[in-house]
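Have a look at the structure below, then the notes.
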Amino acid sequence: MHTVWKGAISFGLVHVPVKMFTATEDKDVHLRMIHKECGTPISNVRTCAHCEKEVGWEEISKGYEVEKGRFVLFESDELEAIKPENTRTIQILDFVDLTEIDPLYYQKAYYLSPDQAGSGAYNLLLEAMRQSGKIGIAKIAIRSKSSLAAIRPLENCICMETMHFPDEIRPLQQVPNLPEQTTVNERELSMAKLLIDQLSTPFDPMKYTDDYRIALQDAIQRKISGEGVDVVTAPAAERTNVIDLMAALQASLEAVKPGEPGAAASKAGEPETGSPTDRSKAKPRGTRGRKKEGAVP
């Protein structure tokens with residue numbers, strides 16, 4: 001696994017050095033946009049609609065739109081100055097019961113492992129949470145984003161799940177057409193509860209699969225096996241400027257080899273200008289006479 005963050009868990013005066021690893025992975029089948037005519041992938045280009053040109057990274061600032069078409073701009077050093085002071089500490093603020101947290105708050109899961117000589121403190125925190133039945137609520141900053149986090153034991157590992165702040169959760173009152181009161185038929189309710197009981201089972205995540213992803217992968221393999229018109233190969237990339245420049249330099253050297261007629265009659269393959277009479281009168285600077293025909297200047 002690739003380490004995505006290094007720091008420490010802090011609770012009270014205890015300091016637990018840890019490394020962080022992403023606990024989940026993206027298994028979606030990613031499809032790219034392809035130009036049908038030639039089979040070349042379409043690239044996303046940063047362009048300015050006003051200037052009608054491509055924009056380089058060095059010309060870009062970050063901005064917040066305060067009103068339509070009006071932005072407050074920030075440079076990188078300004079954003080760096082307001083980053084959280086301690087970006088290498090998972091500071092546990094409280095310990096709570098896991099059942100008190102609605103899953104709505106959870107974002108992304110990470111595994112934490114002990115770093116260097118921190119295994120003693122790591123095991124202490126792991127076992128203390130396991131036996132107390134409590135989990136830690138902490139603050140952490142990852143890639144300049146500050147998040148709440150739940151720190152909890154998972155078998156022999158400390159797991160961290162980033163969480164939304166309360167003001168990031170939209171209130172239920174904004175959801176349209178919610179019933180003000182729940183009135184149901186008692187007989188129908190009894191049958192629904194009986195059905196729930198019959199379908200109840202211990203949670204086994206291995207039972208569940210991404211049917212769409214599997215079907216898409218099968219469809220891709222069928223197209224590859226058939227090698228039909230839906231399988232295209234992008235054209236080879238054109239020769240780079242470096243190769244073309246080398247060819248041009250080689251051709252120029254061939255054109256000005258000493259002793260070949262007309263070698264001095266041109267510069268980098270360009271024809272001489274002026275009439276024969278004008279050229280016969282002109283003398284090169286710093287010389288007393290004309291150089292011999294064919295000499296390299």
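So, of the residues in segment 1-20 that are assigned to a strand (DSSP E or B) and of a type in the set (A, V, I, L, M), which turns out to be farthest from Ile142 (Cα to Cα)? Per the criteria, the residue is Val14. The single residue among Glu155, Glu188, Glu168, Glu180 that is of a type in the set (D, E, K, R) and under 30 Å from the mean Cα position of the chain (by Cα) turns out to be Glu168.
Of all the listed residues (Val18, Val45), the sole one being surrounded by 10 or more Cβ atoms within 10 Å (Cβ to Cβ), of a type in the set (Val, Ile, Thr) and in contact with a strand residue (DSSP E or B) (Cβ under 7 Å, 6 or more places away or on another chain) is Val18. Among the candidates Ser76, Ser61, which residue alone is surrounded by 10 or more Cβ atoms within 10 Å (Cβ to Cβ), among the polar types (S, T, N, Q) and touching a Ser or Thr at 6+ places or on another chain (Cβ under 9 Å)? None of the others qualify; the one that does is Ser61. Here is a check on your reading of the model: is Val175 out of contact with any Pro (no Cβ under 6 Å at 6 or more places or on another chain) and at pLDDT below 85? It is false that Val175 is out of contact with any Pro (no Cβ under 6 Å at 6 or more places or on another chain) and at pLDDT below 85. Output the residue which, of all residues in segment 79-97 that are in a loop (DSSP other than H, G, I, E, B) and free of Cβ contacts under 8 Å to residues at least 60 places away in the same chain, is surrounded by the most Cβ atoms within 10 Å (Cβ to Cβ). Per the stated criteria, the residue is Asn86.
Determine whether Ile169 is among the β-branched types (Val, Ile, Thr) and either surrounded by fewer than 15 Cβ atoms within 10 Å (Cβ to Cβ) or without any contact (Cβ under 8 Å) to a residue 40 or more places away in the chain (or both). Can you show your working first?
Working: among the β-branched types (Val, Ile, Thr): yes; either surrounded by fewer than 15 Cβ atoms within 10 Å (Cβ to Cβ) or without any contact (Cβ under 8 Å) to a residue 40 or more places away in the chain (or both): yes.
Judged against the criteria, Ile169 is a match.
Regarding segment 22-34, can at least one residue be identified that is aliphatic (A, V, I, L, M) and in contact with a Phe, Trp or Tyr (Cβ under 9 Å, 6 or more places away or on another chain)? Scanning segment 22-34 turns up at least one residue that is aliphatic (A, V, I, L, M) and in contact with a Phe, Trp or Tyr (Cβ under 9 Å, 6 or more places away or on another chain). Of all residues in segment 107-134, those satisfying the criterion of being surrounded by 14 or more Cβ atoms within 10 Å (Cβ to Cβ) and within 19 Å of Ala23 (Cα to Cα) are Lys108, Ala109, Tyr110, Tyr111, Leu112, Ser113, Pro114, Asp115, Tyr122, Leu126. The set of residues in segment 21-31 being outside any strand (DSSP E or B), in contact (Cβ under 8 Å) with a residue 40 or more places away in the chain and of a type outside the set (Val, Ile, Thr) consists of Ala23, Lys27, Asp28. For Leu189, the criteria (1) farther than 30 Å from Met33 by Cα; (2) in a loop (DSSP other than H, G, I, E, B); (3) of a type in the set (A, V, I, L, M, F, W, C) hold in every case but one, which is (2). Here Ala138 does not qualify as farther than 30 Å from Lys62 by Cα, under 26 Å from the mean Cα position of the chain (by Cα) and at pLDDT 90 or above.
The values are calculated or read from the model by the stated rules, or taken from the named source; none is laboratory data. Keep in mind that what you see is a predicted model, and the values were worked out from it rather than measured. Cβ sites come from the backbone with ideal geometry, for glycine too, and all protein chains shown count toward neighbours.
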